[in-house]
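Q: Quick one: the structure is below, questions incoming.
The values are calculated or read from the model by the stated rules, or taken from the named source; none is laboratory data. Since the model is a prediction, treat every value here as computed from it, not as a measurement. We place every Cβ from the backbone using ideal geometry, glycine too, and count neighbours over all the protein chains shown. These accessible areas exclude ligands, DNA and RNA; they are computed on the full protein's heavy atoms, side chains included. Shrake-Rupley method; radii C 1.70, N 1.55, O 1.52, S 1.80 Å.
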Number of protein chains: 2
Amino acid sequence: MFVSPQSMHFPDRLPLQSGASLRDYSLSYETYGRLNAERSNAVLICHALNASHHVAGVYAGQKDSEGWWDNMIGPGKALDTERFFVIGVNNLGSCFGSTGPMHINPDTGRIYGADFPVMTVEDWVNSQARLLDALGITTLAAVMGGSLGGMQALSWTLQYPSRVSHAVVVASAPNLTAENIAFNEVARRAIVTDPDFHGGHFYQHGVVPKRGLRIARMIGHITYLSDDVMNEKFGRQLREGIELQYSTQEVEFQIESYLRHQGDKFAEYFDANTYLLITRALDYFDPARSYGADLSQALARATCKFLLVSFTTDWRFAPKRSRELVKALLDNRRDVSYAEIDAPHGHDAFLLDDPRYLGVVGAYFDTVAQEVTSASVGVSTS
Amino acid sequence: MFVSPQSMHFPDRLPLQSGASLRDYSLSYETYGRLNAERSNAVLICHALNASHHVAGVYAGQKDSEGWWDNMIGPGKALDTERFFVIGVNNLGSCFGSTGPMHINPDTGRIYGADFPVMTVEDWVNSQARLLDALGITTLAAVMGGSLGGMQALSWTLQYPSRVSHAVVVASAPNLTAENIAFNEVARRAIVTDPDFHGGHFYQHGVVPKRGLRIARMIGHITYLSDDVMNEKFGRQLREGIELQYSTQEVEFQIESYLRHQGDKFAEYFDANTYLLITRALDYFDPARSYGADLSQALARATCKFLLVSFTTDWRFAPKRSRELVKALLDNRRDVSYAEIDAPHGHDAFLLDDPRYLGVVGAYFDTVAQEVTSASVGVSTS
């Protein structure tokens with residue numbers, strides 16, 4: 001499936017939760033499949049930290065350019081683009097196309113940098129709703145996301161309950177735990193205290209706070225994997241062909257080599273201000289905050305049907321966090337399906353091939369497709 | 001109990017596992033209680049990362065100067081200094097008294113810095129054995145430690161089996177997992193890539209790599225606590241009296257404030273090279289390495305009796321790691337007692353007051369004391 005990125009410009013101010021606003025911004029997005037005549041088969045995909053609007057398919061002439069959820073979405077796949085019109089959108093504040101800290105602030109004529117306004121999950125959802133308006137889509141057959149993307153999917157059901165028929169929330173949580181926030185904070189401190197960060201205005205100094213980005217990514221990778229899969233993949237293996245060197249600075253173990261490599265790669269392409277913004281959006285998300293931490297009350301607004309999926313070895317967004325959501329939805333007598341997949345890969349599992357996981361999502365979208373079709377038939381015969 | 005630190009100088013070279021050696025070094029130590037006439041009631045305490053020879057008691061005239069295991073060790077306590085002669089010793093490479101990277105290298109006349117040789121658990125145990133020789137102690141009634149200290153206690157039973165009657169190994173492991181090494185590596189990279197590290201020779205530049213030390217300590221603290229206790233202590237509480245500020249750099253949550261405070265404190269007193277050395281000693285420890293990863297075979301050398309203790313919520317040195325040790329010792333038909341304490345505090349639990357934990361250790365030392373006494377009677381009547 002060959003795909004092309006698109007961009008939509010929005011001149012009007014988007015008011016943000018912080019009180020700030022954003023104007024003259026653009027959203028990068030991609031679409032796969034065809035919108036049906038009733039405009040009733042659209043599925044919005046929300047992305048997590050290190051992802052973008054390029055959700056599925058490949059770019060013509062670019063090797064290894066598969067979208068980040070290409071194993072899930074495409075012709076004949078769990079989310080079948082022959083039946084659904086799938087939209088991937090890049091979040092504001094990202095560094096992959098939509099307006100972000102690396103772009104020019106129209107109010108000052110200078111690069112936003114650290115002045116890019118802090119975004120929340122709710123702000124992203126509002127911006128996504130405007131994109132749907134522009135695309136002429138009133139109601140989503142489904143909204144779907146994993147991790148931070150799952151938080152956006154959940155927030156859609158609370159902010160625009162009448163515009164969502166189904167929500168698929170994978171490896172997510174109703175909010176971050178103290179430990180989650182703690183890991184985010186360490187990563188942010190590593191970036192902010194890197195002398196090359198320059199208070200977030202490093203662009204005009206011609207440098208990038210790579211040291212901080214490397215540390216942030218290394219911490220991230222540890223939390224994405226399970227202890228088990230790390231032991232299986234790396235264990236205590238020494239670097240290939242090398243005896244113990246008795247050095248505090250050289251690589252001794254395979255796991256060190258892997259983490260350094262991941263950190264180096266990430267620091268080459270990811271924006272430091274984007275990292276701060278996205279981890280903060282994670283920290284802030286907490287729909288129960290305005291309901292005295294009563295999640296059941298907070299989720300009362302949601303009216304759609306839900307599929308929730310979690311993975312047993314995910315210690316970043318553990319199954320018990322998904323179960324909190326299930327309980328709160330059931331307290332409101334909502335229609336909820338829940339699958340807890342016994343996968344060894346930790347949080348990363350939501351991006352990987354697991355036949356049980358893809359099977360559950362595929363079966364769920366079969367029922368969504370049937371609803372879409374029978375509603376279409378209803379429309380055409382009425 | 002008022003105590004005073006002491007120091008012992010060792011002119012002879014100590015050969016190290018790396019092939020390097022150390023000469024003209026000193027060990028800081030403290031002793032509590034009295035060595036009996038038979039010299040049979042000595043208990044050696046080995047310390048973990050951020051600790052020292054100051055294990056118990058207080059320094060006269062110094063407020064809040066309790067030793068790090070003062071809740072465990074003292075007159076009438078679980079390890080009763082009225083019955084035992086307890087020795088605390090500071091490890092080589094530390095920054096709390098014994099010879100370390102901040103001291104002068106007698107071979108060059110300059111501060112060691114990054115040239116201080118890499119130490120292993122085995123090297124520390126050898127240096128501790130020399131201290132015991134100097135104190136005229138041939139056999140230990142017990143050797144005891146938690147975490148990295150537990151690794152030293154275990155290594156004592158393998159390196160000097162005839163010199164140890166009992167080993168008390170708390171919240172420890174037969175080696176680090178890939179995840180443990182990964183966290184150590186991130187902390188080390190944060191220190192080494194701090195521009196103020198200067199390749200480990202920052203002393204002569206009049207600076208300290210505080211940014212790196214702060215990050216290292218923040219990571220450490222996350223791994224010392226359990227998810228549960230973090231949620232209980234901090235949860236998602238905002239900084240006192242402050243509304244959400246929508247800032248990526250200001251403190252928003254209590255947990256951020258706590259971690260920054262811990263990081264700042266640590267960076268004021270801990271030595272960066274020591275941090276690298278100690279985490280590397282943790283990484284390297286693996287008595288089964290030379291036995292094809294067969295822990296049972298590796299522990300066959302141990303002849304003493306063991307008490308192992310682990311804590312249910314400790315995810316740094318999880319109970320299953322202690323159970324590996326129990327199994328390997330039982331495979332060798334060794335005398336092992338094992339207690340898995342249902343404590344909420346994570347790895348930190350080994351330093352905290354828990355009546356069940358202190359009760360188990362106290363009961364174990366009662367039996368050790370009885371053995372010491374009956375042996376003494378045996379000696380005097382023979």
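Q: In Å and on Cα atoms, what radius of gyration and Dmax does the stretch A:245-300 show?
A: Here Rg and the maximum Cα pair distance are 19.8, 59 Å.
Q: Separate question: Identify all lysines with a Cα-Cα distance to B:Lys305 below 22 Å; exclude those on the same chain that are fewer than 8 residues away in sequence.
A: B:Lys77, B:Lys320, B:Lys327
Q: Might you work out the accessible area of A:Leu358 for me, using a 1.4 Å probe with all protein chains in place, and round it to the nearest 10 Å²?
A: 40
Q: Another question about this same structure. Would you list B:Lys77, B:Lys233 from the most to the least accessible area, probe 1.4 Å?
A: Values: B:Lys77 70, B:Lys233 110 Å².
Output order, biggest surface exposure first: B:Lys233, B:Lys77.
Q: How many partner chain Cβ atoms sit within 10 Å of a residue's Cβ in peptide A:245-257, on average, as a whole number? If you can, show how the numbers build up before the last one.
A: On the way: counts 2, 11, 5, 16, 10, 0, 1, 5, 8, 2, 10, 9, 1.
Partner-chain Cβ atoms within 10 Å, mean over residues of A:245-257: 6.
Q: Here's another thing I want to ask about it. Given N residues in chain A, what is its alpha carbon radius of gyration divided by 2.2 N^0.38 Å?
A: Numbers: Rg = 21.0 Å, N = 382, 2.2 N^0.38 = 21.1 Å.
Ratio of Cα Rg to 2.2 N^0.38 Å: 1.00.
Q: A follow-up question, please. Suppose we keep just the DSSP beta bridges with both residues in the protein assembly as shown; what percent of those would be antiparallel, to 5?
A: Details: 26 of 80 bridges.
Of the beta bridges lying entirely in the protein assembly as shown, close to 30 percent run antiparallel.
Q: If you restrict to DSSP beta bridges whose two residues both lie in the stretch A:9-166, what percentage is antiparallel, to the nearest 5? Display every interim value, and only then the final one.
A: Values: 9 of 20 bridges.
Approximately 45 percent, going by the DSSP bridge assignments.
Q: Starting from the Cα-Cα distance between B:Asp342 and B:Gln370, subtract it from 0.36 nm times their residue separation and give me the gain in nm to one decimal. Working shown, then result.
A: On the way: separation 28, 0.36 × 28 = 10.08 nm, distance 2.84 nm.
Contour length minus the Cα-Cα distance gives 7.2 nm.
Q: Could you let me know the centre-to-centre spacing of the stretch A:138-184 and the stretch B:291-329, using Cα atoms, in angstrom?
A: Their Cα centres are 43 Å away from one another.
Q: Another one. Let me have the relative contact order for the stretch B:256-382, percent, based on Cα pairs under 8 Å that are six or more residues apart. Let's see the in-between values first.
A: On the way: 103 pairs, mean separation 24.9, N = 127.
Computed value for the stretch B:256-382: 20 percent relative contact order.
Q: In chain B, what % of DSSP beta bridges are antiparallel (nearest 5)?
A: On the way: 13 of 40 bridges.
Rounded to the nearest five, the antiparallel share is 30 percent.
Q: Could you order A:Arg189, A:Arg356 so the one with the most accessible surface comes first? Probe is 1.4 Å.
A: Details: A:Arg189 50, A:Arg356 120 Å².
The residues order as A:Arg356, A:Arg189, largest area first.
Q: Same structure again: May I ask you to report, in nm to one decimal and beginning with the shortest, the distances from B:Ala363 to the same position in the other copies, taking label points 7 Å along Cα-to-Cβ?
A: Distances between equivalent label points, in nm: 4.9.
Q: Still on this structure, please answer the following. Under 17 Å from the Cα of A:Lys210, which lysines turn up, not counting those fewer than eight places away in the same chain?
A: Here the lysines satisfying the reach criterion relative to A:Lys210 are A:Lys265.
Q: Once the Cα atoms of helix B:121-134 and of chain B are each reduced to a long axis, what angle between those two axes, in degrees from 0 to 90 to the nearest 10, is obtained?
A: 50
Q: In degrees from 0 to 90, rounded to the nearest 10, what is the angle of the helix A:178-192 Cα long axis to the longest principal axis of chain A?
A: Result, in degrees: 60.
Q: Ok, one more. Consider just the alpha-carbon atoms of the stretch A:155-225 and return their Rg together with their Dmax, both in angstrom.
A: Computed over the Cα atoms of the stretch A:155-225, radius of gyration and Dmax are 17.3, 48 Å.
Q: Ok, one more. Kindly provide the Kirkwood hydrodynamic radius of the stretch B:227-382 in Å, to one decimal, from all pairs of distinct alpha carbon atoms. Intermediate values should be presented prior to the final figure.
A: On the way: mean 1/r = 0.0504 Å⁻¹.
With all distinct Cα pairs of the stretch B:227-382 included, I get 19.8 Å.
Q: Every other copy gets compared here: list the nm distances from the B:Glu82 label point (7 Å along Cα to Cβ) to its counterparts, shortest first, one decimal.
A: With the label placed 7 Å along Cα→Cβ, B:Glu82 yields 8.5 nm.
Q: I've got another one for you. Can you tell me the orientation of helix B:254-269 relative to chain B, as the angle in degrees between its alpha-carbon axis and the longest Cα principal axis, to the nearest 10?
A: 70
Q: In percent, how large is the relative contact order of chain A, given Cα pairs closer than 8 Å and 6 or more residues apart? It would help to have the intermediate numbers written out before the result.
A: On the way: 761 pairs, mean separation 65.0, N = 382.
Result for chain A is 17 percent.
Q: Let me understand the protein assembly as shown better: what is its radius of gyration from the alpha carbons, and its Dmax, in angstrom?
A: 29.3, 109
Q: Would you kindly find the accessible area of A:Leu135, with a 1.4 Å probe and non-protein molecules such as ligands, DNA and RNA excluded, rounding to the nearest 10 Å²?
A: Number for this one is 40 Å².
Q: Kindly give the semi-axes, whole Å and largest first, of the ellipsoid equivalent to the stretch A:111-205, taking each as the square root of 5 times a Cα gyration tensor eigenvalue.
A: 32, 19, 9
Q: Same structure again: Taking the label point as lying 7 angstrom from Cα along the Cα-to-Cβ axis, what are the distances from B:Arg13 to the corresponding position in the remaining copies, in ascending order and in nanometres?
A: Computed spacing set for this position: 7.6 nm.
Q: A follow-up question, please. Determine the order of A:Arg130, A:Arg321 by accessible area, beginning with the largest, at a probe radius of 1.4 Å. Walk me through the intermediate numbers first.
A: Values: A:Arg130 65, A:Arg321 20 Å².
In descending accessible area the options line up as A:Arg130, A:Arg321.
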